[in-house]
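Down below is the structure, laid out as structure tokens.
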Amino acid sequence: MEPIVQYKDVHKSFGQTEVLKGIDLDIKPSEKVALIGPSGSGKTTIIRMLMTLEEPTAGIIEVNGENLWQMEKKGEWVTADENHLRSIRGDIGMVFQHFNLFPHMTILENCMLAPVLVKNESKSEVKATAVEMLEKVGLGDKIELYPAQLSGGQKQRVAMARALMMRPKVMLFDEVTSALDPELVGEVLEVIRDLAKEGEMAMILVTHEMDFALDIADRVVFLNEGVIEEQGAPSEILMNPESERLQDFLGRFTSSR
Amino acid sequence: MTWSWEVFFSVIPMIFKGLWITLGLTLACYLFAAVFGFFWVFISRLPWRPVRWLFGWLAEFIRSTPPLVQLFFIYYAWPMMPVVGVSLNPFVAAILGLGIHFSTYMSEVYRSGIESVDKGQWEASTALNLSTRQKWMKIILPQAIPPTIPMLGNYLIIMFKEVPLASTIGVVAMLHIANDYGAQYYKYVEPLTVVALFFLLLSYPSALLINKLEKKYNRRFDKKTLA
């Protein structure tokens, strides 16, 4: 099967610091990939480049075989402009660590905004879908509330519903439980688990929830100091890690539990 | 000098007529400044550094020179310039002069409002594939502007009090009328007192109103809850 996302020797520097030193990674349609690794290893940067929030310093990212960050203009490859990015970005969705709901809109409006504005879908249909989606994440009785009136876990579930409204083919999760109180983590993971079971959407999760990664991912990718150190099926990665660094990393997790 | 209530009451209707001019001019200047303020913000976000730099300095220049000098420049000096020179009627010159001057302050207010919007709001808008225009109109400005309303209101009052400068280039508003009356009858105290009272009568309640607005918005945006 053709990959839906391909990273080809992707580098990224912030100033003098090179955070990604040549990433090659294929994501197949409907594949669930967990990105793990110590903080500062570049996990988040990988998905932020795919969401077009950071531009790679070198290398190519392809979505459905199309070059995301470069476009052809008069026979030459130039940096993509906003139109080009917009034409591809529609296939990607993202859920953020800090939710980033729009505080001046109700939850329902948060979910309806993009489909109505960007996809020009009819308001009444979008509303019906939004209500359905919010019911699915367990917030059907809260649709008229504002984000400030919700708990962290509820906000994050709204953020997921909002991202799902755009029907992306690839969904990115950026440490979505890191900002939550421990007792609220479960409800958010539950929603992600359900999404993973539904199946057709590819998912890339940057996460520190090891058990969860093991449970839902088809593949675990271990990142260390800007390179992919090891990858494979969750059971082999987490149970029989090969590289010393991964062993260290996992050791730190099990000992802290 | 003797205070004459007779003079005091007789100049009130006369100066009251001028009040409308003052108010009209304030409003016109304010609208101009409010709209033109966005122009500075827009320029400051263009990708071309020389342009940003040039206009940044221009705004700084306008902010740090007295509005009176700018008024004189627009009214007296501009018409004498070759090719670009245009002579304006006093009212228009006042709107341009004070409007441009205050627009540089308004742009700073807008900028502070825009910068106070969390970076995550931009990112979420990008992730939802909104266009640049939609981001500004639906997400950023609706959050950036409301908290600045008290500050914007303050500038309205400040401007109201600066508008009498226009009398120096011949806009016949309250101050001008009072001054003329004084020159004619050698009675300055009463008409100028009336002018001051009119100003007080309008700016004090407005200041109270803005205070109230400020409290309201502070309450709303007080706890910076992560949304």
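With respect to A:VAL10, determine if the residue is out of contact with any Pro (no Cβ under 7 Å at 6 or more places or on another chain) and either without any contact (Cβ under 8 Å) to a residue 24 or more places away in the chain or among the β-branched types (Val, Ile, Thr) (or both).
On the way: out of contact with any Pro (no Cβ under 7 Å at 6 or more places or on another chain): no; either without any contact (Cβ under 8 Å) to a residue 24 or more places away in the chain or among the β-branched types (Val, Ile, Thr) (or both): yes.
Answer is no for this residue.
Yes or no, residue by residue, for (1) modelled with pLDDT of 95 or more; (2) in a helix (DSSP H, G or I):
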{"site": "A:VAL10", "(1), (2)": "yes, no"}
{"site": "A:ASP24", "(1), (2)": "yes, no"}
{"site": "A:PRO38", "(1), (2)": "no, no"}
{"site": "A:THR45", "(1), (2)": "yes, yes"}
{"site": "A:ARG48", "(1), (2)": "yes, yes"}
{"site": "A:THR52", "(1), (2)": "yes, no"}
{"site": "A:PRO56", "(1), (2)": "yes, no"}
{"site": "A:GLU62", "(1), (2)": "yes, no"}
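Would you mind finding the one in A:LYS12, A:LYS74 that is assigned by the TED database to the domain that holds A:LEU238, over 18 Å from A:GLY90 (Cβ atoms) and surrounded by 14 or more Cβ atoms within 10 Å (Cβ to Cβ)?
Numbers: A:LYS74 fails: surrounded by 14 or more Cβ atoms within 10 Å (Cβ to Cβ).
Checking each option against the conditions leaves just A:LYS12.
Of the helices (runs of 4 or more DSSP H) that lie entirely inside the range B:83-154, those containing 3 or more residues that are buried (at least 20 other Cβ atoms within 10 Å of the Cβ) and more than 24 Å from the chain's Cα centre (by Cα) span B:119-127.
Which of the residues that make up the range B:1-47 are in a loop (DSSP other than H, G, I, E, B), within 22 Å of B:TRP57 (Cα to Cα) and touching a helix residue (DSSP H, G or I) at 6+ places or on another chain (Cβ under 7 Å)? It would help to see each step written out before you state the result.
Initial filter on the range B:1-47 (in a loop (DSSP other than H, G, I, E, B)): B:1-4, B:45-47.
With within 22 Å of B:TRP57 (Cα to Cα) added as a condition, the list becomes B:45-47.
Hit for the range B:1-47 is B:LEU46, nothing else.
How do the pairs read when you match residues in the range B:122-135 that are at the interface with another protein chain (Cβ under 7 Å from one of its Cβ atoms) with residues anywhere that are surrounded by fewer than 16 Cβ atoms within 10 Å (Cβ to Cβ), using Cβ under 7 Å and keeping only pairs 6 or more apart or on different chains? Partner pairs satisfying both residue conditions: B:THR132/A:GLU82. Considering the range A:47-58, and only residues there that are of a type outside the set (D, E, K, R) and out of contact with any Phe, Trp or Tyr (no Cβ under 7 Å at 6 or more places or on another chain), the residue that is nearest to A:ILE23 (Cα to Cα) turns out to be A:ALA58.
Please verify whether the range B:107-115 includes one or more residues that are under 30 Å from A:HIS98 (Cα atoms) and within 14 Å of chain A (Cβ to nearest Cβ). Yes, there is a match, as at least one residue in the range B:107-115 is under 30 Å from A:HIS98 (Cα atoms) and within 14 Å of chain A (Cβ to nearest Cβ). Checked against (1) part of a helix (DSSP H, G or I); (2) under 15 Å from the mean Cα position of the chain (by Cα); (3) surrounded by fewer than 18 Cβ atoms within 10 Å (Cβ to Cβ); (4) touching a residue at least 24 places away in the same chain (Cβ under 8 Å), A:ARG193 meets all criteria but (4).
Let's see how each residue does on (1) touching a Lys or Arg at 6+ places or on another chain (Cβ under 9 Å); (2) aliphatic (A, V, I, L, M); (3) surrounded by fewer than 21 Cβ atoms within 10 Å (Cβ to Cβ); (4) in contact (Cβ under 8 Å) with a residue 12 or more places away in the chain:
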{"residue": "A:GLN97", "(1), (2), (3), (4)": "no, no, yes, yes"}
{"residue": "A:MET105", "(1), (2), (3), (4)": "yes, yes, yes, yes"}
{"residue": "A:VAL131", "(1), (2), (3), (4)": "no, yes, yes, yes"}
{"residue": "A:LEU134", "(1), (2), (3), (4)": "yes, yes, no, yes"}
{"residue": "A:GLY140", "(1), (2), (3), (4)": "no, no, yes, no"}
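Residues of the range A:206-257 being of a type in the set (Val, Ile, Thr), assigned to a helix (DSSP H, G or I) and touching a Phe, Trp or Tyr at 6+ places or on another chain (Cβ under 9 Å), which ones? If the condition is that a residue be of a type in the set (Val, Ile, Thr), assigned to a helix (DSSP H, G or I) and touching a Phe, Trp or Tyr at 6+ places or on another chain (Cβ under 9 Å), then A:ILE237 is the only one that fits. Just one of (1) outside the structural domain of A:ILE107 (by the TED database); (2) small (Gly, Ala, Ser); (3) in a helix (DSSP H, G or I) fails for A:ALA161. It is (1).
In the range A:27-55, the residue that is surrounded by the most Cβ atoms within 10 Å (Cβ to Cβ) out of those that are in contact with a Ser or Thr (Cβ under 9 Å, 6 or more places away or on another chain) and either free of Cβ contacts under 8 Å to residues at least 60 places away in the same chain or within 14 Å of chain B (Cβ to nearest Cβ) (or both) is A:THR52.
The values are calculated or read from the model by the stated rules, or taken from the named source; none is laboratory data. Treat the numbers as computed from the prediction; the structure is a model and nothing was measured. Every residue, glycine as well, gets a Cβ built from its backbone with ideal geometry; the counts of neighbours run over all protein chains shown.
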